[in-house]
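Worksheet: the structure to be examined is printed underneath.
The values are calculated or read from the model by the stated rules, or taken from the named source; none is laboratory data. Just so it is clear, the model here is predicted, and its values are computed rather than measured. When we count neighbours, we look across all protein chains shown, and the Cβ atoms used for this are built from the backbone with ideal geometry, even at glycine.
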Amino acid sequence: MRLREIAHSRTGDKGNTLNVSVICREPGHFGHLRAELTAERVKAWLGEIVRGDVIRYELPKLAALNFVLQKALGGGVTRSLALDAHGKSVSSALLGLEISEPDPAGDK
């Protein structure tokens with residue numbers, strides 16, 4: 001299944017750093033999301049987009065993960081020649097990641 005089936009996403013930028021939050025549609029899927037979506041996996045999936053580190057922050061009360069992607073905006077909004085200098089499409093690209101299906105019983 002694709003990540004977008006159990007989560008949605010928001011992005012924000014500051015300079016050459018992009019924040020991507022992945023929020024569970026059902027709070028019971030947070031444990032599954034936490035296990036499936038590591039910083040390493042996000043960096044590998046986004047490939048050439050992210051040239052720096054990826055740091056993951058957990059927000060269990062919101063059933064969300066926030067990823068800070070360093071060196072991900074081609075130098076920043078005012079320096080980048082990218083069509084999406086703010087990185088808004090990165091959230092859509094991340095939601096295309098293939099993940100295993102969560103346990104129907106939810107987190108225990």
- If you scan the range 25-50, which residues turn out to be outside any helix (DSSP H, G or I), among the charged types (D, E, K, R) and either touching a Gly at 6+ places or on another chain (Cβ under 8 Å) or surrounded by 14 or more Cβ atoms within 10 Å (Cβ to Cβ) (or both)? Glu26
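For every residue, the table says whether it meets (1) touching a Leu at 6+ places or on another chain (Cβ under 9 Å); (2) at pLDDT 95 or above; (3) among the charged types (D, E, K, R); (4) over 14 Å from His8 (Cα atoms).
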position	(1), (2), (3), (4)
Leu59	yes, yes, no, yes
Ala64	yes, yes, no, no
Gly76	no, no, no, yes
Arg79	yes, no, yes, yes
Ala82	yes, no, no, yes
Ala85	yes, no, no, yes
Ala93	yes, no, no, no
Asp103	no, no, yes, yes
- May I ask you to say which residue of Ile55, Ile99 is in contact with a strand residue (DSSP E or B) (Cβ under 9 Å, 6 or more places away or on another chain), surrounded by fewer than 16 Cβ atoms within 10 Å (Cβ to Cβ) and at pLDDT 95 or above? Ile55
- For the range 31-44, state whether one or more residues are over 18 Å from Arg4 (Cβ atoms) and at pLDDT below 90. no
